[in-house]
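> Take this structure first; my questions come after.
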Amino acid sequence: MSKYMFYHPRLQAFTLLEALVALLVISGSCLLFQALTLLLFQDIRYQERASNQDWLLFTAHMEQEFLEAHFDAVSDHEIYLDQKGKGQKIAYWPKQAEIRKTGGRNQNQGSQTLLFGVQSMEVEERSGLVQLRAVLADGKERKWVYRVD
């Protein structure tokens, strides 16, 4: 039996440096995955906040429209307002999934988008109250009520 029985000069093995580099790569990958996951959660929270802010902005705009104009009628998915003799219509457009404000009933004027990402909208007027119920693209249901004179 030889004194160098377990000695094989050509046997491949990991050196300490290679092991440390491998650990560094694994650690870096885990940290990158954690950072991307955190970024995704922050983006989801931001999108939820942005959706709420869009709805609040829409309701503030609607209140201003009702203050500046005289309420005329509600028909189907549309609210008709009369502002200084010219009619205006605020309507839900299901093909574009948005609520738009247009120039009026018989006028072919441009339109302005007030709220994007609307799945459905119902408008009704009962005893001096205009009620608007909208289901947004994220599945949340929103209501807006305004008393008209």
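> Could you look through region 76-127, keep only residues that are surrounded by 13 or more Cβ atoms within 10 Å (Cβ to Cβ), over 15 Å from F66 (Cβ atoms) and of a type in the set (S, T, Y), and pick out the one that is modelled with the highest pLDDT?
Among those that are surrounded by 13 or more Cβ atoms within 10 Å (Cβ to Cβ), over 15 Å from F66 (Cβ atoms) and of a type in the set (S, T, Y), it is S120.
> Filter region 22-80 down to residues that are in contact (Cβ under 8 Å) with a residue 12 or more places away in the chain and of a type in the set (V, I, T) and give me whichever is nearest to T102 (Cα to Cα).
I79
> I'd like to verify a number: residues in region 121-137 that are outside any strand (DSSP E or B), of a type in the set (A, V, I, L, M, F, W, C) and over 19 Å from the mean Cα position of the chain (by Cα), how many?
Count: 0.
> While we're looking at this one, here's another question. Which of the residues belonging to region 123-149 are of a type in the set (D, E) and closer than 18 Å to Q88 by Cα?
E124, E125, D149
> Identify all residues within region 138-149 that are in contact (Cβ under 8 Å) with a residue 60 or more places away in the chain and under 17 Å from the mean Cα position of the chain (by Cα); write none if there are none.
D138, K140, R142
> Taking into account only those residues within region 1-52 that are at pLDDT 85 or above, in a helix (DSSP H, G or I) and of a type in the set (S, T, N, Q), which is farthest from W144 (Cα to Cα)?
Restricting to residues being at pLDDT 85 or above, in a helix (DSSP H, G or I) and of a type in the set (S, T, N, Q), the top hit is S27.
> Name the residues in region 64-89 that are acidic (D, E) and either closer than 17 Å to M121 by Cβ or touching a helix residue (DSSP H, G or I) at 6+ places or on another chain (Cβ under 9 Å) (or both), would you?
Of everything in region 64-89, those that are acidic (D, E) and either closer than 17 Å to M121 by Cβ or touching a helix residue (DSSP H, G or I) at 6+ places or on another chain (Cβ under 9 Å) (or both) turn out to be E65, D76, E78.
> Name the single residue that is nearest to the chain's Cα centre (by Cα) among those in region 32-74 being farther than 19 Å from Q112 by Cβ and among the acidic types (D, E).
Applying the filter and picking the extreme gives E48.
The values are calculated or read from the model by the stated rules, or taken from the named source; none is laboratory data. The structure presented is a predicted model; accordingly, all values stated were derived computationally and were not measured. Note that we place each Cβ from the backbone using ideal geometry, even for glycine, and neighbour counts take in every protein chain shown.
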